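**Student:** Just dropping this structure here.
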Amino acid sequence: MKDTHKHRGMRNKLAELLEAKGIQDKKVLSAIKAIPRHLFLDSSFEDHAYQDKAFPISAEQTISQPYTVAFQTELLQVKPNDKILEIGTGSGYQTAVLLHLKAKVYTIERQLELFKKTRLFFNKMHYRPKKLIFGDGYKGLPEEAPFDSIIVTAGAPEVPKPLMSQLKVGGRLVIPVGDNEQVMTLFVRKSEKEFEKKELGAFRFVPLLEDKN
């Protein structure tokens, strides 16, 4: 579990690359510089951890490309103490970015193998999400709603209704929508009934699966 000077240098370069690609939020860039992404990957990928690429992790899932993590995080406009629901904990890298921004994170993972592995890793690294839950992210987390924002880190064929309903008025939902290729979509809740929708370009994610635990 080493984080070396060399690793930090690679992270700084990665942050510069993401800035060149259009990421502007300084707090998001500082999270990219701070978080040891190589520790979230299997050791065989460690040397490549600071390339702007997605990599396989356990349970046939992937750790998202750093640009995608930064892009989704920037869209959330995270403020300290924001209550955020994350659908798809994965290896926990996106969770760590949100925690670095001082959010209160509730995160759900539906792959048991990954859930167990990430829970151990969080304990070891002293990452403290409010809740790390094994379950079906499609349903959201009604008992903790409403949320300031919700981030979905897997491709959804359509937007799960429970997630829309669990958003505060003024809250933001960032979700990749589509089957083989996804369109990054931002919903801002304007009132009880009204949502503003923005589509922000094509991305590729592993699928968000319903009731497949």
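The values are calculated or read from the model by the stated rules, or taken from the named source; none is laboratory data. In this text, all values refer to a predicted model and were calculated from it rather than measured experimentally. With ideal geometry, Cβ positions are generated from the backbone for all residues, glycine too; neighbour counts draw on all protein chains shown. The accessibility values were calculated without ligands, DNA or RNA, using every heavy atom of the protein model including side chains. Shrake-Rupley method; radii C 1.70, N 1.55, O 1.52, S 1.80 Å.
**Student:** How many residues does the range 16-36 contain that are in contact with a Ser or Thr (Cβ under 8 Å, 6 or more places away or on another chain) and more than 19 Å from G92 (Cβ to Cβ)? Let's see the steps before the verdict.
**Tutor:** Of the range 16-36, the ones in contact with a Ser or Thr (Cβ under 8 Å, 6 or more places away or on another chain) are 25, 28, 31.
Keeping just the survivors that are more than 19 Å from G92 (Cβ to Cβ) gives 25.
The qualifying residues number 1.
**Student:** While we're on this one: When you go through (1) over 10 Å from the mean Cα position of the chain (by Cα); (2) open to solvent by less than 40 Å² (accessible area, probe 1.4 Å); (3) touching a residue at least 60 places away in the same chain (Cβ under 8 Å) one by one for H38, which number turns out not to apply?
**Tutor:** Every listed condition holds for H38 apart from (3).
**Student:** Tell me which helices (runs of 4 or more DSSP H) are completely within the range 73-176 and hold 1 or more residues being touching a helix residue (DSSP H, G or I) at 6+ places or on another chain (Cβ under 9 Å) and within 20 Å of L29 (Cα to Cα), or say none if there are none.
**Tutor:** 93-100
**Student:** With respect to K102, is the statement that it is within 14 Å of S58 (Cα to Cα), open to solvent by 40 Å² or more (accessible area, probe 1.4 Å), without any contact (Cβ under 8 Å) to a residue 40 or more places away in the chain and not β-branched (V, I, T) true?
**Tutor:** no
**Student:** Residues in the range 90-99: is at least one out of contact with any Cys (no Cβ under 9 Å at 6 or more places or on another chain) and open to solvent by 20 Å² or more (accessible area, probe 1.4 Å)? Working first, answer last.
**Tutor:** Step one: list which residues in the range 90-99 are out of contact with any Cys (no Cβ under 9 Å at 6 or more places or on another chain), which gives 90-99.
Retained after the next criterion (residues that are open to solvent by 20 Å² or more (accessible area, probe 1.4 Å)): 99.
So far as the range 90-99 goes, yes, one or more of its residues are out of contact with any Cys (no Cβ under 9 Å at 6 or more places or on another chain) and open to solvent by 20 Å² or more (accessible area, probe 1.4 Å).
**Student:** From the set of residues in the range 1-35 that are open to solvent by less than 60 Å² (accessible area, probe 1.4 Å), of a type in the set (A, V, I, L, M) and assigned to a loop (DSSP other than H, G, I, E, B), which is nearest to Q72 (Cα to Cα)?
**Tutor:** Taking the candidates together, the pick is I23.
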